[in-house]
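Everything below concerns the one structure shown next.
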Amino acid sequence: MDEQTAPEAAQPTLRTVKKNFGFVPNVMGVLAESPPAMESYLALNEKVQTTTLSPAEQQVAILTVSETNRCRYCVAAHTLTASGANVDGDAMPSAMAPRRTIPD
């Protein structure tokens, strides 16, 4: 689903997402079926960005949650995002291994 085929209520948000990312990520296309779900997902992402965690630490936390939830799509997407946030390649596998300490 994209900004032209989404429900009317979701179209403005998808246009903004496309403007920010250059494309509509698959998860946003799926969430567009329920504009309140899509808006909640984006609001949660915005809240994560207001934490005291660095962008790299945010991605490690998100990767850990994604792995814990066994969401393969999430792990793949956030591995890419983590690379863009300069997460050390050695930290990613550590973050995804349950009950292991992540090196500083």
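Summary of values
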{"item": "Per-residue Cβ neighbour rank within 10 angstrom, fewest leading, 72, 15", "result": "72, 15"}
{"item": "Gain in span if fully extended, residue 44 to residue 27, counting 0.36 nm per residue against the direct Cα distance", "result": "4.7 nm"}
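Read the figures in this text as sums done on the coordinates, not as results from a lab. All of these numbers come straight from a predicted model, not from anything done at the bench. Positions of Cβ are backbone-derived with ideal geometry, glycine not excepted, and every protein chain shown enters the neighbour counts.
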